[in-house]
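See structure below.
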Amino acid sequence: MAGQSNPRVRHLRQLLGDVRLVRGDLLDQGSLIAAVERVQPDEVYNLAAISYVPMSWQQAELTGEVTGLGVLRVLEAIRVCSGISASRSPGRGQIRFYQASTSEMFGQVTVTPQNEQTPFHPRSPYGVAKAYGHFLTQNYRESYGMFAVSGIMFNHESPRRGAEFVTRKVSLGVAKIKLGYERQLRLGNLHASRDWGFAGDYVRAMQLMLGQDQPADYVIGTGVTHAVEALVERAFRHAGLDWHDHVVTDTAFIRPAEVDRLCADPAKARDELGWEPKMGFEELVCMMVDADLELLAASGGLAGDSFGTDSW
Ligand code: G4F
């Protein structure tokens, strides 16, 4: 996986136990072919990307290479290793491919809620690169008969979320203030709304998608949207604090073009996959605050020190 500002390999090793890691780089076609040849997988999940939206303005070309063209390289590695020729010969076996598409492709929406038919109007180089990967996945399905699908995932969060994303920035900020390490939390646009769900529920949806008889794309989200301000209010209240006393808005965190409001229509996933989210917004926010209170108490306030690195 190509490096983002928040290296995760050490974190991954702690979580994976005896799962074997094989190196591959989305910028390097040969390394991906070698990885697929070595592992001979039944399923490939491409969750790798430059995924932090503000970074995609700072490094637009790299975002296009990693988040967009990286999808092409993974699909090509699967195609080549499966012996599928450009003339659509059947090839050996069928490696199933999952692409992590995103609600950021909807961007500036004119229709709410968003489903699989809603048009795309991405608002960042990240959203544009993801739209390329999304259409390419469809194209490889149609061109080569590959089992290649996209999950159009709305925001999915957990205590493992990077500290640059707003949910974790808030849960860590609340914990730092509650424990007396900080007094202030600096945020950007409090009026943007997102459909936030629990990442564990979304991983279940990915697995269900690859277990279907026929390949198809699905919108995955809760169908409920909240403003950043509501997230902030709920998180501070859970710790017995009033956010008005601590939150400062800072233009450094305002984006050149914002996605104002996203809300999923996950009806197709419910009807065809039998998928429903198990965790709601309030439980998610409180769980993240509790996890960070515990983490900071155990580490003496040293955890999550990537604050200040997330302005664009
Ligand atoms: O947490 P965010 O940075 O997530 P965003 O941009 O919606 O994207 C995330 O979800 C997408 C959908 O799954 C993924 F494709 C993408 O890779 C990423 O995981 O920001 C959420 C909202 C934005 O409107 C932002 O402007 O929160 C607003 N916000 C307000 N203050 C802030 C802040 N976001 C961040 N990161 N930091 C702030 O201080």
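The values are calculated or read from the model by the stated rules, or taken from the named source; none is laboratory data. Treat the numbers as computed from the prediction; the structure is a model and nothing was measured. Note: ideal-geometry Cβ built from the backbone for every residue, glycine included; neighbour counts use all protein chains shown. Ligands, DNA and RNA are excluded from the accessible area calculation, which covers all protein heavy atoms including side chains. Shrake-Rupley method; radii C 1.70, N 1.55, O 1.52, S 1.80 Å.
For region 22-153, the direction-averaged projected area of the alpha-carbon convex hull comes to 8.0 nm². Rounded to the nearest 5, the antiparallel percentage of DSSP beta bridges internal to the chain is 10%. With one equal scatterer per alpha carbon and no solvent term, the Debye-computed log10 I(q)/I(0) for the chain at 0.15 1/Å reads -1.28.
Over region 22-153, Cα pairs under 8 Å with separation of 6+ residues give a relative contact order of 29 percent. Report summary: the helix-based calculation at 222 nm, which adds -39500 (n - 2.57) for every DSSP H run with n ≥ 4 and divides by the residues of the chain, gives -11000 deg cm²/dmol. Estimated at the nearest 10 Å², the accessible area of THR137 is 0 Å² with a 1.4 Å probe. Measuring with a 1.4 angstrom probe and ignoring ligands and nucleic acids, MET287 comes out at about 50 Å² accessible.
Each residue was assigned an accessible area with a 1.4 Å probe, and for ASP42 the value is about 120 Å². With contacts taken as Cα pairs under 8 Å at a separation of at least 6 residues, the chain carries a relative contact order of 19 percent.
Simple rule: put +1 on each Lys or Arg Cβ and -1 on each Asp or Glu Cβ in the chain, find the dipole, and look at LEU21, GLY145, ALA264; the Cα lying farthest toward the positive end is LEU21. Dipole magnitude for the chain: about 620 debye, using +1 per Lys or Arg Cβ and -1 per Asp or Glu Cβ, origin at the Cα centre.
Short to long, the 10 Å bins of the Cα pair-distance histogram for region 95-223 hold 11, 36, 32, 15, 6, 1 percent of all pairs.
Assuming charge only on the beta carbon of Lys and Arg (+1) and of Asp and Glu (-1), the dipole of region 22-153 about its Cα centre is about 200 debye to the nearest 20. Binning the alpha carbon pair distances of region 231-291 at 5 angstrom intervals from zero yields the distribution 3, 13, 14, 15, 18, 17, 10, 6, 3, 0, expressed in whole percent. Largest accessible area first, the listed residues THR102, THR112 line up as THR112, THR102 when surface is computed with a 1.4 Å probe on the assembled protein chains. The three principal axes of the Cα atoms in region 158-312 give end-to-end lengths of 53, 36, 25 Å, sorted in falling order. The trypsin sites (Lys or Arg not before Pro) of region 168-271 that DSSP puts in a loop, and whose beta carbon has at most 12 other beta carbons within 10 Å, are ARG183.
For the chain, lysine pairs with C-alpha atoms less than 24 angstrom apart, excluding pairs fewer than eight positions apart on the same chain, total 5.
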